[in-house]
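The values are calculated or read from the model by the stated rules, or taken from the named source; none is laboratory data. Quick caveat, the model's predicted, so the values are computed rather than measured. Cβ sites come from the backbone with ideal geometry, for glycine too, and all protein chains shown count toward neighbours. Note: accessible area is taken over every heavy atom of the protein model, side chains too, but ligands, DNA and RNA are not part of it. Shrake-Rupley method; radii C 1.70, N 1.55, O 1.52, S 1.80 Å.
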Amino acid sequence: MSEEIVVTVEGRVHEIRINRPEKRNALNRAAREGLFAAFRAAQADDTCRAVIVTGTGDVSFCAGADLVEMSRTGLTVPPKDFTPRLGTNVQLDKPVIAAVNGAAFAGGFLLAQMADLCVASENASFAITEAKWGRGAPWAIPLADMIPRRALNELLLTALPVTARRAEVLGLVNDVVPADRLLPRARELAQAICRNAPLTIAAHLKMVKLSGEMGRVAAEAVADELFRSVYESRDAQEGPAAFRERREPVWQGR
């Protein structure tokens, strides 16, 4: 793992931190490769049940790609593996929580966008700044299903940031908290996920993604089959048994 990315494993949760505060946590090549490695390690770890992504410091979550490096290398069309895009060029079946500790611009916005849950500090802000620098945000396509069209147009065309509170109103953020509560809140959500049945969590994630990709009618048919193995699992019997016996479930993931 590169110095630009720090991974801490606490129980069943992997915390991934972008560690370039002097560069507003911009993603240079080493940081991008470190993110790929961190996501793949979380996927490979059978004990991992949730992932938190955040940045070092209280100014910037991630400023996006390192424009100085981009200028130096003369980057034109980014290759498909330029930066991690969950579900596109890197697979991660565990829930991802973005803990946005400051500015989430461009590629930083992408990191927050592709997470399953997003918690933001009160000083956080969100912007798609590509238009300011003559670049592009084809990765913003999923936003068309997440926020109103005019709000999306504002983000894409003005390149101006929106506050954490407005992002919450738009549905981009689940919770806005004081800066000192950011990681504790993200960890609370991660622990809530870890207490639940892992097969159900995985199937719910797939169901939500399918609904966006396939449309409601087709996704409903696939979801019925998706949950068949969940209903037939030992965990599906363990849950009601634990309720009957007034104890906490012991999940086996099978």
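Using each residue's phi in segment 104-111, evaluate 6.51 cos²θ - 1.76 cosθ + 1.60 at θ = phi - 60° and report the 3J(HN,Hα) Karplus result to the nearest Hz, with x for Gly and Pro.
Along segment 104-111, the couplings run 10, 10, 6, x, x, 4, 4, 4 Hz.
For segment 157-172, take each phi angle, set θ = phi - 60°, evaluate the Karplus expression 6.51 cos²θ - 1.76 cosθ + 1.60, and give the result in whole Hz per residue in order, putting x for glycine and proline.
8, 8, 6, 8, x, 10, 6, 4, 5, 5, 4, 5, 4, 6, x, 7
On full extension of the chain, what length is gained from Met207 through Ala242, given 0.36 nm per residue of separation minus the C-alpha to C-alpha distance?
Gain on stretching Met207 to Ala242: 10.0 nm.
Under the rule of at least 5 residues apart or a separate chain, name every residue whose amide H is placed under 5 Å from the amide H of Val100.
Here Val119, Ala120, Ser121 satisfy the definition.
Of all chymotrypsin sites (Phe, Trp or Tyr not before Pro) in segment 209-250, which ones are in loop regions per DSSP and have a Cβ with at most 13 other Cβ atoms within 10 Å?
none
So what J values fall out for segment 72-85 if you push phi through Karplus, 6.51 cos²θ - 1.76 cosθ + 1.60 with θ = phi - 60°, rounded to Hz, Gly and Pro as x?
The phi angles translate into 5, 8, x, 4, 9, 7, x, x, 4, 9, 4, 9, x, 10 Hz.
Per the helix-only calculation at 222 nm, which mean residue ellipticity applies to the chain, given -39500 (n - 2.57) for every DSSP H run of n ≥ 4 and division by its residues, nearest 500 deg cm²/dmol?
-12500 deg cm²/dmol
Over the chain, what is the relative contact order in percent, taking alpha-carbon pairs closer than 8 angstrom and at least six residues apart?
15
Enumerate the whole-percent occupancy of each 10 Å bin, from 0 to the last occupied one, for all C-alpha pair distances of the chain.
Spelled out per bin, shortest first, that is 7, 29, 35, 21, 7, 1, 0.
Kindly provide log₁₀ I(q)/I(0) values, in the same order as q = 0.09, 0.10 Å⁻¹, from the Debye equation applied to equal alpha-carbon scatterers of segment 1-126.
Log-scaled intensity ratios, in q order: -0.22, -0.27.
So what's the gap between the Cα centers of segment 138-160 and segment 228-254, to the nearest angstrom?
Value for the Cα centre distance between the two parts: 41 Å.
What percentages make up the Cα-Cα pair-distance distribution of segment 114-254 when the bins are 5 Å wide from 0?
2, 8, 13, 14, 14, 15, 13, 10, 6, 3, 1, 0, 0
Using the charge dipole of the chain (Lys, Arg: +1 at Cβ; Asp, Glu: -1 at Cβ; taken about the Cα centre), state which of Ser229, Ile97, Gln191 has its Cα farthest towards the positive end.
Result: Ile97, furthest along the dipole toward the positive end.
Please give the direction-averaged projected area of the C-alpha convex hull for segment 198-253, in square nanometres with one decimal.
3.9
Can you tell me the orientation of helix 234-245 relative to the chain, as the angle in degrees between its alpha-carbon axis and the longest Cα principal axis, to the nearest 10?
Taking Cα atoms only, the helix is inclined about 70 degrees.
Provide the per residue accessible area, probe 1.4 Å, for segment 28-123, rounded to a whole number of square angstrom.
Normalised by residue count, the accessible surface of segment 28-123 is 40 Å².
Take every DSSP beta bridge with both residues inside the chain and express the antiparallel ones as a percent of the total, to the nearest 5.
25
On the accessible surface of segment 82-206, probed at 1.4 Å, how many percent belong to carbon and sulfur atoms?
55
Which whole-number value in Å² is the accessible area per residue of segment 202-247, probe 1.4 Å?
Each residue of segment 202-247 exposes 75 Å² on average to a 1.4 Å probe.
Calculate what fraction, in whole %, of the accessible area of segment 1-46 sits on carbon and sulfur atoms when a 1.4 Å probe is rolled over the protein chains.
Answer for segment 1-46 is 43 percent, counting heavy atoms of protein chains only.
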